[in-house]
Amino acid sequence: MTALNHTTVMLSEAVDALLGAAVAGAGTYVDATYGRGGHSRLVLSRLAAQGRLIAFDKDLEAVADAQTIEDNRFSIRHQGFAELGKLPQASIAGVLMDLGVSSPQIDSPERGFSFRFDGPLDMRMDTTRGQSVAEWLALASVDQITEVIRDYGEERFAFPIAKAIVARRQERGPISSTSDLAGIVAGTVKTREPGKDPATRTFQAFRIFINAELEELEQALEASLEVLSPGGRLVVISFHSLEDRIVKQFIAKHSKEVYDRRRPFALPAIMKLKAIERVRPSDAEVAANPRSRSAIMRVAERMEETV
Ligand SMILES: C[S@@+](CC[C@H](N)C(=O)[O-])C[C@H]1O[C@@H](n2cnc3c(N)ncnc32)[C@H](O)[C@@H]1O
């Protein structure tokens, strides 16, 4: 296992928001993205003796780290976080999601997440299932690759990059390493965004796609509505606009009273959430941990369903 650290983003802000006004953390909480347990450990330090913390992570190294926590209020599940929907209905006092990848994942060349290191082109958070980026790229068409780079990377040069990937595959065989991919992208993207490697958007796109990140986020948000008890908190930290848009629209959709125009005298649909706040990391945190700079934390509270 690679001994790399993860600096937790918005540590106290997220845990304060998760525990909210709860009586000394006596309920059951979910840390949907354990990582290296920064948020989990602080939650545990504030949890009452009868409280519980259930953590999820898809990554085996994260799960191994969690197994070092000796605390019978804590348990870890090696599952995608959409599985939190299988918890008993209205049984959870708070759900925290700190989205994306951890620093140990990005900084381990053998995981293939980064264009900064040469490694196998994998990018799976859960290496026990699914296909790697290399396996997908070996068979994907120009259209499929273009769509992924455009939709998940918001990359202007999606089509030329996809064409270059397929041409290179036909000429010299499969693209199997991060440096192969970074080289192909660098040879195609001619105008550089200041401070950004030309491969940034393409790597982001492939990572989101191969891990079905946005689909799982949508499923987990819907699932959280079922499992949160009234007054329970939903706290989500996202790191790019595609994620944040999903979280923002989800909270907005469920925190509105919706009237049916065809039935003007009917009662409005039930409001399931109350938006509480949107928080950015402090200047001091961004200075100390540049990876926090794009973070946006949104907090909402589950409402009692009374009409
Ligand atoms: C940003 S890190 C979390 C860091 C953690 N809060 C800490 O302080 O150490 C995100 C973690 O969530 C995991 N993850 C991302 N998407 C997931 C999903 N859909 N299901 C389960 N785990 C996921 C990743 O494997 C990674 O370990």
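Each label point is 7 Å from the Cα along the Cα-to-Cβ direction; what then is the distance between the points at LYS253 and SER241, in nm?
That separation, rounded to one decimal, is 2.0 nm.
Mind jotting down the three principal axis lengths of segment 1-103 based on Cα atoms? Whole angstrom, largest first.
38, 28, 25
Which Rg and Dmax, in Å, describe the Cα atoms of segment 170-218?
Taking only Cα atoms of segment 170-218, I get Rg and Dmax of 13.1, 39 Å.
For segment 40-83 and segment 191-251, what is the separation of their Cα centres, given in Å?
Here the answer is 21 Å between Cα centres.
Can you bin every Cα-Cα distance in segment 192-306 into 5 Å intervals starting at zero and give me the percent of pairs per bin, rounded to whole numbers?
2, 10, 16, 17, 16, 14, 10, 6, 4, 3, 1, 0
For the chain, modelled as a GNM with alpha-carbon contacts under 10 angstrom, which of GLU285, GLU243, GLU110 fluctuates the most?
Maximum among the listed residues: GLU285.
Two-decimal Rg/Rh of segment 27-75 from alpha-carbon positions, Kirkwood Rh?
Values: Rg = 9.9 Å, Rh = 10.6 Å.
Value, to two decimals: 0.93.
As an exercise, take the mean of 1/r over every pair of distinct alpha carbons in segment 60-143, invert it, and state the Kirkwood radius in angstroms.
Details: mean 1/r = 0.0642 Å⁻¹.
By the Kirkwood definition, the hydrodynamic radius is 15.6 Å.
Give the order of HIS39, HIS78 when sorted by the count of other beta carbons within 10 angstrom, beginning with the fewest.
Values: HIS39 29, HIS78 17.
Exposure proxy ranking, most exposed first: HIS78, HIS39.
When every alpha-carbon pair in the chain is counted, what percent end up more than 37 Å apart? The partial results should precede the final answer.
On the way: 9864 of 46971 pairs.
When all Cα pairs of the chain are counted, 21 percent exceed 37 Å.
What list do you get for LYS58, LYS256 if you sort them by fewest beta carbons within 10 Å?
Numbers: LYS58 23, LYS256 14.
Taking fewest neighbouring Cβ atoms as first place, the list is LYS256, LYS58.
The numbers here are math on the coordinates, done by the rules we state, and not lab data. Computed from a predicted structure; not experimentally measured. For neighbour counting, all protein chains shown are included, and Cβ atoms are generated from backbone atoms with ideal geometry for every residue, glycine included.
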